[in-house]
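The block underneath contains the structure these notes are about, expressed in structure tokens.
Where a number appears in this text, it was derived from the coordinates with a stated rule and is not lab data. Predicted model, so just to flag it, every value in this text is computed and none were measured. Cβ: placed from backbone, ideal geometry, glycine included. Neighbour counts: every protein chain shown.
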Amino acid sequence: MKREELTRYLDKVLETGRFRDYCPNGLQVEGRPEVERVVAGVTATQALLDAAVARRADAILVHHGWFWRGEDGRVTGLRKARLQKLLANDLNLIAYHLPLDSHAELGNNAQLAKRFGWIAEDRFGEQDVGWLGCCEQPDPVAAIAERVGHALQRRPLLIGDGNRLVRRVGWCSGAAQDLFEEAIARGVDLYLSGEICEQTVHLARESGVAYLAAGHHASERYGVQALAAHLAERFGLSCEFVDIDNPV
């Protein structure tokens, strides 16, 4: 498959033009023009690059790519090593950040809802990246936390009353603790994201709304997996997800 055909398709499906993001979405580093083998992962780390080279991949597809707003733009040290590995092996780096959080079927938030048994009903927050919905049946916070831990293979950090009955849920993968106050205003009983900060703990305690911090990496593994599986099914590409463990 031609690289341009692949990236055009992904840009269209993920509606990249709708988003004001913190990094470029789509093709970030150009490699060979033909793509047959794709290695997918959460973050374009050195370990993922090494895995892609070992698997003779033509492209790396990730959620967290490079060239973030506000970063030092100099290509030195670890940045040089990463880029050098990519260029020396003629690998394409393709990354989708907010578009992959938001997509209604393939996105991180859609995939979390599927795994947790949550029914999506609305969106909220800047650029509608946060999701609102309900549980298939009301359950105590502690029971939901246990299911989340089982689904993500990682115990979430629970702040709040484990006995509170949950009907309304808000969620957003990754570093989305800034959406918590708006989720409270929208009437949720529980909010889930990948991370939680110091001040958010107090907000959870004082509002009575429970907070589950499920892990940034753990909450963002499934969108890129779904996207890779979609590409394999639609175009017959060889797509392999490689999970570089991250406890955060």
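Remarks
- Cα-based shape type of the chain, given that a ≥ b ≥ c are square roots of the gyration tensor eigenvalues and the cut on a/c is 1.5: prolate
- Per-pair calculated FRET efficiency, R0 = 51 Å: GLU36 and ILE119 via Cβ, rounded to 0.05: 0.85
- GluC sites (Glu not before Pro) restricted to DSSP loop in the range 1-69 with at most 16 other C-beta within 10 Å: GLU15, GLU30, GLU36
- Principal-axis analysis of the Cα atoms of the chain puts helix 222-235 at an angle of about 50° to the longest axis.
- A straight chain from ASP128 to ARG69 at 0.36 nm per residue would run longer than the Cα-Cα distance by 19.2 nm.
- Zone of CYS197's modelled label, taken as backbone nitrogen in the range 217-247 under 20 Å from a point 7 Å along Cα→Cβ: 217-220
- Amide H contacts of ASP139: VAL166, each under 5 Å away and 5 or more positions distant or on a separate chain (H built 1.01 Å from N in the peptide plane; Pro and chain starts excluded).
- The range 103-219: C-alpha gyration tensor shape, a/c 1.5 cut-off, then a/b vs b/c: rounded
- Taking a ≥ b ≥ c as the square roots of the Cα gyration tensor eigenvalues, the range 3-101 comes out oblate, since a/c reaches at least 1.5 and a/b does not exceed b/c.
- Cα-derived Rg over Rh, computed across the range 186-248 with Rh taken as Kirkwood radius: 1.19
- Each residue of the range 45-56 was assigned a 3J(HN,Hα) from its phi angle through the Karplus curve 6.51 cos²θ - 1.76 cosθ + 1.60 (θ = phi - 60°); the sequence is 8, 4, 4, 5, 4, 4, 5, 5, 5, 4, 8, 6 Hz, with glycine and proline shown as x.
- Length gained on full extension, GLU5 to ASN89, computed as 0.36 nm times the residue gap minus the Cα-Cα distance: 28.1 nm.
- Positive minus negative residues near PRO33 (Lys, Arg vs Asp, Glu; Cβ under 11 Å): -3
- Of the trypsin sites (Lys or Arg not before Pro) found in the range 1-35, those in coil by DSSP whose Cβ has at most 10 other Cβ atoms within 10 Å are ARG20.
- Selection from ALA185, ALA226, ILE94 lying farthest towards where the dipole of the chain points positive, charges on Cβ: ILE94
- Rounded to the nearest 10 degrees, the angle from helix 77-88 to the longest Cα principal axis of the chain is 50 degrees.
- Placing R0 at 41 angstrom, the Cβ-Cβ distance between ARG20 and LEU78 gives a FRET efficiency of 0.90 after rounding to 0.05.
- Going from the fewest other Cβ atoms within 10 Å to the most, the residues TRP118, TRP131 appear in the order TRP118, TRP131.
- When shorter helices are ignored and each DSSP H run of at least 4 residues is given -39500 (n - 2.57), the per-residue value for the chain at 222 nm works out to -10500 deg cm²/dmol.
- The phi torsions of the range 123-136, fed into the Karplus equation with coefficients 6.51, -1.76 and 1.60 and a -60° offset, translate into couplings of 10, 7, x, 4, 6, 6, 7, x, 10, 10, x, 9, 7, 4 Hz, rounded to whole numbers, with Gly and Pro shown as x.
- Computed on the range 128-248, with alpha-carbon pairs under 8 angstrom and 6+ residues apart, the relative contact order is 25 percent.
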